[in-house]
Amino acid sequence: DGMKPGPRIKCSLCTKALKKIQKMAGDDPDEDAVKAALQKGCRLLGRTMGKLCQRMVSQYQQQISEGLQNGDTPRDICSAMGICKA
């Protein structure tokens, strides 16, 4: 469909979403903190971006959660998921 964002947009959406989520999860988040932040973070992005965010989160929740708990940067996590070019 014509609504599919290009790779660069996806990458910046991913890093933007994860920065918000990282901030909400706190400095040393556990899995529950990350899960709550993931749900809240997507809602803050508005309807269209929020839907994309939701889809990304449900697909990669485990990787996002582990990355944030390991202290990886949003960019690293998005690259690890194959959304951004390393």
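Listing for the model above:
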{"read-out": "Computed helical MRE - 222 nm, the chain, DSSP H runs ≥ 4 contributing -39500 (n - 2.57), nearest 500", "value": "-24000 deg cm²/dmol"}
{"read-out": "Cα-based helix-to-principal-axis angle, 47-69 vs the chain, degrees rounded to 10", "value": "40 degrees"}
{"read-out": "Debye log10 I(q)/I(0) at q = 0.14, 0.24 Å⁻¹ for the chain, Cα point scatterers", "value": "-0.40, -1.19"}
{"read-out": "Length gained when the stretch Asp30-Arg8 is fully extended (0.36 nm per residue, less Cα-Cα span)", "value": "4.9 nm"}
{"read-out": "Student exercise, the chain dipole from Lys, Arg, Asp, Glu Cβ charges, in Debye to nearest 20", "value": "700 debye"}
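Every read-out reported here was derived from the displayed coordinates using simple, explicitly stated rules and does not represent laboratory data. Keep in mind that what you see is a predicted model, and the values were worked out from it rather than measured. FYI the Cβ positions are ideal-geometry reconstructions off the backbone, even for glycines, and counts take in every protein chain you see.
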